[in-house]
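Okay, structure first, notes after.
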Amino acid sequence: MPDIRLPDGSVRQYPGPVTVAEVAQSIGAGLAKAALAGKVNDTLVDLSYRIDSDVALSIITERDSEALELLRHSTAHLLAHAVKELFPQAQVTIGPVIEHGFYYDFSCARPFTPEDLQAIEKRMGEIAKRDLPVARSVLPRDEAVKFFQAQGEAYKAEIIASIPAGEDVSLYTQGTFTDLCRGPHVPTTAKLKVFKLMKVAGAYWRGDAKNEMLQRIYGTAWAKKEDQEAYLHMLEEAEKRDHRRLAKQLDLFHMQDAAPGLVFWHPKGWILWQEVEQYMRRVYRENGYQEVRCPQILDRSLWERSGHWENYKDNMFTTASENRDYALKPMNCPGHVQVFNQGLRSYRDLPYRLGEFGACHRNEPSGSLHGLMRVRGFVQDDGHIFCTEDHILPECVAFTALLQRVYRDFGFTEVIYKVATRPEKRIGEDALWDKAESALMAALQASGCAYEVSPGEGAFYGPKIEYSLKDAIGRVWQCGTIQVDFNMPARFGAEYVAEDNSRRTPVMLHRAIVGSLERFIGILLENFAGALPLWLAPEQVVVMSISEHQADYAQSVAERLQAAGFRAAADLRNEKISYKIREHSLQKLPYQLVMGDKEKQAGTVAVRTRGGEDLGAMALDDFIARLKSEVQASSTA
């Protein structure tokens, strides 16, 4: 006679075992119609799940946060069902949920075409309208292997055969299609109404390049049509803002096969880089950090002591010389401990803050490289704070406030906070991890920041706060981080003399604000669609002469602007002024100054903004004052 506690605190009693669907029906016909699944004691289950003991139960509808993953998971099965109907010889493999959608991998001799995707999507809609019940069943592992072998599904049989012997597996059937899955799923295909297939790509079976190349079909699915339309619009905007396209248009940088995952910065791009780096350097200086520079290549023994050789070696570039193994540094922390260890530190020296624009290299898979967003060589605004346990809370609170100010200066006002806790593969005692995780959560609470917990997502040496910013079109980018590390200082023998003259190991806080400068510049370019704020723009003002009669005056105006500290250039070419204006507008320069006879005679400048607004004529001193005011208002740089 189970008692079922509902989210509103009420308790319903039933005379015997009851399904989630029956509970929903007993509450009301409207809820039963809207129900997609249930959550029993925080575990998602199908509506057919039978409850035979006292539990806490929530009925999941499309309004709940769990609904999207459920819908996308079920839509992946709908995709596989449609492919099997249209291409019976195709074999299904795996079809997980991913951010904003799902994919499914297929083994099919015939390459899927764009026309095929249209046909598959149409068939998905037809199957959904059939309102097929989605039923769960359970088979012993060996029987499930035989079932899929009989179906000609060798990949499914291989997946199931890798499950330990004696275990049962769950299958889901809709109409004539049966798939292996843990579930849960929607109760009927009619619940799947809003979806779209996006593209087809290649993917190796089990991610191993030695295996067969499969065809991966990507799709997206949503609870509401307007949500999908907003997402597709965001993708269109993202394509227009692609930093790789903007880099070519604005002549900022390029990448080529001779140096995969590495950047060739052009003059204008390097100006942008320097503006970001010099701004962050001022942030270091004004907030108690001492800047250092550590070697690029360090001996293997150092990486073994840090734990990187054991836990991170596959991502490191290694080399050898004179019978010694070395690695290009993937991160800066071991080097900073060496600086701390030079000389005996006192508790009075703490917190001891070091910062470095450290060039790091990581052996990222070639398939994951993506412009500035994923590279093999990058520079971090890296910093490490050596402190006592009592310093952790105030240092983390101060860092959060500093990060928020920096993001505002770059134009980002919305920050998302997550605490990433201990991963399965880690170093250090659990008691220290408990202490570190608690300190980070307390710091965010003290900062008044709501946060989520990301279980298992911490670094192998310590938990961290991840700071993510939201850009102009709603995308979320994880950039900043602060990590509490009780382990690495001890591994390297770092000590300080405490107030009682004892020797103690400092806590090490790893922190970065923008993270990879390369990636952050890519984010800036896409956020502003290349129209960077005045203080960041590689070229801030162009001075254009209408004819050769104003060339000398235009040149003198450009020189005055340069002397005032602005990045200005003179365009004295013998071209129509309309052509010049159009060309420089495509370069997204903040200001254009047009010099005609009238301006020359009056000693003024005719000002046009990047948006095409004509501000009319003004004195050059007034224009310079305007530029200074705009820079001051938009940034502390």
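Every condition in (1) closer than 13 Å to residue 77 by Cα; (2) surrounded by fewer than 14 Cβ atoms within 10 Å (Cβ to Cβ) holds for residue 101 except the one numbered (2). Within region 126-163, being within 23 Å of residue 189 (Cα to Cα) and either among the polar types (S, T, N, Q) or in a loop (DSSP other than H, G, I, E, B) (or both) holds for 130, 131, 132, 137, 151, 153. Taken over region 182-237, residues that are assigned to a helix (DSSP H, G or I), free of Cβ contacts under 8 Å to residues at least 40 places away in the same chain and either of a type in the set (D, E, K, R) or more than 30 Å from residue 59 (Cα to Cα) (or both) amount to 9.
Restricted to region 464-578, the set of strands (runs of 3 or more DSSP E) holding at least 3 residues that are farther than 30 Å from residue 332 by Cβ and free of Cβ contacts under 8 Å to residues at least 40 places away in the same chain comprises 568-571. Within region 261-276, if we keep just the residues that are touching a Gly at 6+ places or on another chain (Cβ under 9 Å) and buried (at least 17 other Cβ atoms within 10 Å of the Cβ), the residue that is farthest from residue 567 (Cα to Cα) turns out to be 261.
Considered as a group, the residues in region 452-469 that are surrounded by 18 or more Cβ atoms within 10 Å (Cβ to Cβ) and at pLDDT 90 or above include one that is farthest from the chain's Cα centre (by Cα), and that residue is 463. Taken over region 40-54, the criterion of being under 13 Å from residue 23 (Cα atoms) and either among the small types (Gly, Ala, Ser) or in contact with a Cys (Cβ under 7 Å, 6 or more places away or on another chain) (or both) is satisfied by 48 alone. Across region 108-134, the qualifying residues are those that are among the small types (Gly, Ala, Ser) and at pLDDT 95 or above, and the one among them that is nearest to residue 217 (Cα to Cα) is 119.
Taking region 497-527 as the range and being buried (at least 18 other Cβ atoms within 10 Å of the Cβ) and hydrophobic (A, V, I, L, M, F, W, C) as the test, the residues that pass are 507, 508, 509, 512, 513, 514, 517, 520, 521, 523, 524, 525. Counting just the residues of region 528-581 that are of a type in the set (Val, Ile, Thr) and under 41 Å from the mean Cα position of the chain (by Cα), which one comes out surrounded by the fewest Cβ atoms within 10 Å (Cβ to Cβ)? Of everything passing the filter in region 528-581, 581 is surrounded by the fewest Cβ atoms within 10 Å (Cβ to Cβ).
When residue 437 is tested against (1) closer than 21 Å to residue 308 by Cβ; (2) in contact with a Pro (Cβ under 6 Å, 6 or more places away or on another chain), only condition (1) is not met. On the stretch given as region 330-373, residues that are crowded, with 17+ Cβ neighbours inside 10 Å, small (Gly, Ala, Ser) and assigned to a loop (DSSP other than H, G, I, E, B) total 1. Hey, can you tell me all the residues within region 238-250 that are over 17 Å from the mean Cα position of the chain (by Cα) and exposed (fewer than 15 other Cβ atoms within 10 Å of the Cβ)? Within region 238-250, 240, 248, 249 meet the criteria.
Out of 385, 427, 416, 392, one residue alone is farther than 23 Å from residue 278 by Cβ, part of a strand (DSSP E or B) and touching a residue at least 60 places away in the same chain (Cβ under 8 Å). It is 416. Yes or no: region 4-26 includes at least one residue that is in contact with a Lys or Arg (Cβ under 8 Å, 6 or more places away or on another chain), under 16 Å from residue 185 (Cα atoms) and crowded, with 20+ Cβ neighbours inside 10 Å. No; the residues of region 4-26 include none that is in contact with a Lys or Arg (Cβ under 8 Å, 6 or more places away or on another chain), under 16 Å from residue 185 (Cα atoms) and crowded, with 20+ Cβ neighbours inside 10 Å. Filtering 555, 550 for residues that are modelled with pLDDT under 95 and either farther than 30 Å from residue 487 by Cα or among the aliphatic types (A, V, I, L, M) (or both) leaves a single hit, 550.
Listed by position, the strands (runs of 3 or more DSSP E) inside region 1-106 whose residues that are in contact (Cβ under 8 Å) with a residue 12 or more places away in the chain and more than 38 Å from the chain's Cα centre (by Cα) number at least 2 are 3-5, 11-13. Hey, residue 162 hits all of (1) among the small types (Gly, Ala, Ser); (2) buried (at least 18 other Cβ atoms within 10 Å of the Cβ); (3) modelled with pLDDT under 95 but one; which does it fall short on? Against the list (1) among the small types (Gly, Ala, Ser); (2) buried (at least 18 other Cβ atoms within 10 Å of the Cβ); (3) modelled with pLDDT under 95, residue 162 comes up short only on (2).
Based on what the data block shows, is residue 616 at pLDDT below 95, among the small types (Gly, Ala, Ser) and either in a strand (DSSP E or B) or in contact with a Gly (Cβ under 9 Å, 6 or more places away or on another chain) (or both)? Here the answer is yes, as residue 616 does meet what is asked.
Criterion applied to 431, 446, 472 was being among the aliphatic types (A, V, I, L, M) and either surrounded by fewer than 13 Cβ atoms within 10 Å (Cβ to Cβ) or at pLDDT below 90 (or both), and the one residue passing it is 431. Within region 169-220, the residues that satisfy the criterion of being in contact with a Gly (Cβ under 8 Å, 6 or more places away or on another chain) and farther than 28 Å from residue 146 by Cα are 195, 196, 197, 198, 218, 219, 220. In a strand (DSSP E or B), small (Gly, Ala, Ser) and either modelled with pLDDT of 95 or more or crowded, with 18+ Cβ neighbours inside 10 Å (or both): does that describe residue 327? The answer is yes for residue 327.
The values are calculated or read from the model by the stated rules, or taken from the named source; none is laboratory data. No experiment lies behind these values; they were computed from the predicted model shown. Glycine gets a Cβ as well: all are built from the backbone with ideal geometry, and neighbour counts include every protein chain shown.
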